[in-house]
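Reading through the structure tokens given below for one structure.
Coordinate-derived values only; no laboratory data. Here the structure is a predicted model, which means the values were calculated and not measured. Cβ placement follows ideal geometry from the backbone for every residue including glycine, while neighbour counts extend to all protein chains displayed.
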């Protein structure tokens, strides 16, 4: 005769799995938040350096766009770090990463070391974009499950 109770090893496994998921998600969320918070602050502390970089890539309205990028990075990252409104904050940062990738990491316009550097940054940003989308999707799913209860 088989017992209807769940084996203790299975309960322990599920507990460890939930705990690991919690640690992984929160660690990733915090790292992504910090990744955008520090550069957001640096846009204001090293204003001239960022203006020169944007002008080098032929961008217009540089002061307005730079200020907007800094404010968006700081505000969205603080929301992510505070574990509040994560899905919209992550999606806003994802859109910003996409725009930055196309406008500032235009490896197709460079050759040699400069081209290789921009290509590396382009693909690094694709990984960060992927992390933001996973974070947004996970939190969207989590909020929908909470509403269903």
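Annotations for the structure displayed:
- Unique match (being surrounded by 14 or more Cβ atoms within 10 Å (Cβ to Cβ), more than 14 Å from the chain's Cα centre (by Cα) and at negative phi) among 25, 41: 41
- Residue check for residue 115: exposed (fewer than 15 other Cβ atoms within 10 Å of the Cβ) and either touching a residue at least 24 places away in the same chain (Cβ under 8 Å) or more than 17 Å from the chain's Cα centre (by Cα) (or both): yes
- Index of the failed condition, residue 73 passing every other in (1) in contact with a helix residue (DSSP H, G or I) (Cβ under 9 Å, 6 or more places away or on another chain); (2) surrounded by fewer than 13 Cβ atoms within 10 Å (Cβ to Cβ): (2)
- Single match in 98, 104, 126, 79 (criterion: surrounded by 15 or more Cβ atoms within 10 Å (Cβ to Cβ) and within 24 Å of residue 28 (Cβ to Cβ)): 79
- Checked against (1) surrounded by 14 or more Cβ atoms within 10 Å (Cβ to Cβ); (2) within 12 Å of the chain's Cα centre (by Cα); (3) more than 16 Å from residue 138 (Cα to Cα), residue 54 meets all criteria but (2).
- Selection status of residue 73, out of contact with any strand residue (DSSP E or B) (no Cβ under 7 Å at 6 or more places or on another chain), assigned to a helix (DSSP H, G or I) and within 24 Å of residue 24 (Cα to Cα): yes
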